[in-house]
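> Below you will find the structure I want to go over with you.
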Amino acid sequence: MKVIVCVKQVPDMTEARMDKEKKTIIREGVPSIINPYDIHAVEEALKIKDKKGGSVIALSMGIPSVAWMLRQLIAMGVDSGILLTDKAFAGSDTLATSYILSKAIRKIGDFDIIICGKQTIDGDTAQVGPGLAEKLGIPHITNVVEIKEAEKDYIVCKRAVEKGWEVVKSPVPVLITVEKNINIPRFPNIVGIMNMKNAKIETWNAGNINVDYRYAGLKGSPTKVIKTFIPETKVAAEVITGTVDYQVEKMMAIFDKLHINIKNESNSHINESGQINEANHISGTNHIRERNSVKADRHVNIPAFKNGVSVLNDVFASSSALSDVSELGDICALNGDFSTSNNTFKGLDNTFEFFPNYEVIRDNEIVKDKHEGIWVFTEIDGRTVAKVSLELISKAGELASKLNTEVSAVLLGYDVENIAQTLLSYGADNVYLVDHPSLHDFNDEIYSKIMIELATRYKPDIFLLGATVRGRSLAPRIASALNTGLTADCTQLDIDSEKRILLQTRPAFGGDLMATIICPDSRPQMATVRPGVFEVNQPCIFEHGVFGIGRDIGQAEDKANKEQSENKMSKSQGENKVSKDQAGSKINEDQAQAGGETAIPETTRPKITKTIKHKIIKPKIAILPGKIEILEYIEDTTESFNITEAEVIVAAGRGMGKKENLKLVEELASLIGGEVGASRAIVEAGWIDRSHQVGQSGNTVSPKLYIVCGISGAVQHMVGLKSPGVIIAINKDVNAPIMKAANYAFVGDAIEILAALIKALKQ
Ligand SMILES: Cc1cc2nc3c(=O)[nH]c(=O)nc-3n(C[C@H](O)[C@H](O)[C@H](O)COP(=O)(O)OP(=O)(O)OC[C@H]3O[C@@H](n4cnc5c(N)ncnc54)[C@H](O)[C@@H]3O)c2cc1C
């Protein structure tokens, strides 16, 4: 089998620091490493080669010195390396990268499997894999934790999804992205080390792979960073120093003040003398969760891959601030490649019959005239709407008010008309409903084709998706097909009212910096948002055909009222119209005209602040069978754990020193009835399961009490705290950012303080 692995050299994020004056990342002295996820992709490719024979090609885009990284992969057993390097590639965002990689892969020719790491640690967007698959017109499977079978014609993979795993079968060629827990990468072998020196690393520039310069690099990236800023943190209300005993006394007083109930039946990890019992294992308790069926996530450090190459003085440095923070979108790859007959790929024959004509959207005039409204992709969780979709509909309502436009939910599924009603009640003005038996289960391939078709046909101005496994798989594929910008994991969304564009804010890479990104010239403006970032509106009440909604749509209401008075409201099927009676109340127009049941008595009627035209639109669309089959769904049966709902969280960071010390955090959480949270640093280190992680790439939480032990408070961690209530930080460094965000900042050794506190609480 012929396997291509896409690998990226990234700065070692653990070493990256920020220049707070200049608001830029300090790159000097930051070593470069192979993206940790990619090394697992390489291992998986080598395992396939070991079993089935064939060859493995490592493909990378980067500066000339990246050739050294490719040589190291040859030492592991990779057969050849190809480096794409050209000044024209500088500043490429995820979509430009997908485009450039797709051109290189077309030049490579026939292949069976492309393997990418799930995401890179600098951008964390997970967009290149699906974006690249779309550019090549092949199926993709993200978040793979196991390749069960890799045969000549097909592949069977197990992928992690939100509440379990799916076993998925796809024909080859296919692209997969892998999680880090899929394998333990091998070390270079002697033969490999001997080969690496003399191995030829091919270097291709833009001309070699026929790249259209308009769609590569900064020029080809539709999303622009317009602002970077340091989020405001308040100065700690109280800094507590002094002896451990004094600090414990103080902490107990705070618990008292907050009415924290102490539960004494906790599983003790502290012995009589206040030391940690080494024999107690932290797993298997109520508080620290390990997902069954999946090996604990582990971080494999291969020192050989830290080659210390500085990225500072190279062609990519100039643009990296942009690509780092935004993971921008786009370039148009659709310059005829897909429809031409010189397509050399196996199995691509039918791929594009569904959407033969892509519209290349690069013209402002076209954009302004044709694109309208805010779309939200509806995710279904079991038989109900996933909360993240309601959060997005609620936020979209606020944005729509500023644009005087409508919110449309896009709903795909089977027998889901009742869900359409729910979406309307939460504030969607329209629901685009595609209801079909083949949409019963989420399927990236079929769903993305339909979404692309709908977006091409109806032209939304803004398109929001949840940054869930599904959303992160769909969104880049859609953005890639529509040639538009996509910003991952936004924590704030707003509208520039003057320019009428979406302001998308997310943490910038590796520092205490936020970046606001826009997509001025391409449409739709696409963004993903993590669950829990926005509030859900109160649903309106649906009675007698009348919706009451708490959202004020300002100008939209005036416009709609005017329309009413002019009696111009359309009477399309499924539309409910609301009119205003003389007393200022609103009644259903159809009912009023029919002279039947009309206005709900004022006292019982929900508050109505807008005139609503709500519609369920059922587009006629051909649903072709997909090539990907979901063979099995395996539910995660480990004890349910929902950190997002926890009222009390005790969170641990690298300052806890080692995995064993997490017992202290676990025990305190148990004593005060809380859950255990974690920084990404300790998740990456393999100390704790990812489900505990708080932050940009973890969970968004809103506890009433957040006790933070040995966590620095990097912006990526802090954006995971939505209205955190009281923050108690324990940190050795009084200047750590967390100490400024905290209400109570305990300056000291978290291990000592926690051990003494637990002992005191138990007495
Ligand atoms: C794209 C991207 C997404 C990210 N997403 C997330 C995310 O979702 N969540 C997240 O947490 N991070 C995330 N990060 C990483 C983030 O930038 C930080 O690197 C990470 O939060 C640091 O973890 P930490 O505070 O535990 O470790 P460190 O930064 O190493 O901080 C350790 C802290 O412990 C203190 N300390 C040391 N010893 C002790 C002791 N004995 N007692 C008390 N204090 C002590 C130190 O003073 C320091 O403040 C992301 C990064 C990127 C680039």
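The values are calculated or read from the model by the stated rules, or taken from the named source; none is laboratory data. Just so you know, these numbers come straight off a predicted model, no measurement behind them. Methodologically, a virtual Cβ is constructed for each residue, glycine included, from the backbone with ideal geometry; neighbour enumeration extends over all protein chains shown. The area values use the complete protein model at the heavy-atom level, side chains included, leaving out ligands, DNA and RNA. Shrake-Rupley method; radii C 1.70, N 1.55, O 1.52, S 1.80 Å.
> Kindly list the residues of segment 656-689 that lie in the label zone of residue 262, defined by a backbone N under 19 Å from the point 7 Å along the Cα-to-C-beta vector.
664-675, by backbone N distance to the label point.
> To the nearest 0.05, what FRET efficiency results for residue 202 and residue 732 with a Förster distance of 51 Å applied to their C-beta separation?
Once rounded, the FRET efficiency stands at 0.55.
> Rounded to whole Å, give me the distance from the Cα center of segment 623-650 to that of segment 688-754.
Centre-to-centre distance over Cα atoms comes out at 27 Å.
> Order these peptides, 440-453, 81-94, by their mean beta-carbon neighbour count within 10 angstrom, highest first.
81-94, 440-453
> Please say if segment 610-734 is rounded, prolate or oblate, where rounded means a/c under 1.5 for a ≥ b ≥ c the square roots of the C-alpha gyration tensor eigenvalues, and otherwise the choice is prolate for a/b larger than b/c and oblate otherwise?
Taking the square roots of the gyration eigenvalues as a ≥ b ≥ c, segment 610-734 is prolate.
> What residues from segment 221-262 fall in the zone where the backbone N is under 14 Å from a label point 7 Å along the Cα-to-C-beta line of residue 704?
Answer for this model: 255-262.
> Applying a 10 Å radius around every beta-carbon, put 113-122, 206-215 in order of their mean neighbour count, most first.
Per-residue Cβ counts within 10 Å, averaged per peptide and sorted highest first, yield 113-122, 206-215.
> Return the carbon/sulfur percentage of the accessible area of segment 403-480, one whole number, probe 1.4 Å, all protein chains in place.
C and S fraction of accessible area: 44 percent.
> May I ask you to order 140-150, 429-439, 474-484, 659-669 by the average number of other C-beta atoms within 10 Å around their residues, highest value first?
Ranked by mean Cβ neighbours within 10 Å, highest first: 474-484, 659-669, 140-150, 429-439.
> In debye to the nearest 20, how big a dipole does segment 94-134 give about its Cα centre with +1 on each Lys and Arg Cβ and -1 on each Asp and Glu Cβ?
160 debye
> Okay, moving on. Could I have the simple spin-label model distance between residue 635 and residue 762, label points 7 Å from Cα toward Cβ, reported in nm to one decimal?
Result for the modelled spin labels: 3.7 nm.
> Placing unit charges on C-beta atoms (Lys and Arg positive, Asp and Glu negative, everything else neutral), compute the dipole magnitude of segment 185-230 about its Cα centre in debye, rounded to 20.
In debye, rounded to 20, segment 185-230 gives about 180.
> Keeping every protein chain present and rolling a 1.4 Å probe, give me the accessible area per residue for segment 61-112 in Å².
With the other protein chains kept in place, segment 61-112 gives 23 Å² per residue.
> Residue farthest toward the positive end of the dipole of segment 117-248, with Cβ of Lys/Arg at +1 and Asp/Glu at -1: which of 121, 210, 220?
210
> Using Cα-Cα distances under 8 Å and only pairs 6 or more residues apart, what relative contact order does segment 365-466 have, in percent?
Computed over segment 365-466, the figure is 37 percent.
> With the other protein chains left in place, how much accessible area per residue, in square angstrom, belongs to segment 115-160 at a 1.4 angstrom probe?
About 22 Å² of surface per residue is accessible.
> With each pseudo-label sitting 7 Å past Cα toward Cβ, what's the residue 441-residue 189 distance in nm, one decimal?
3.7 nm
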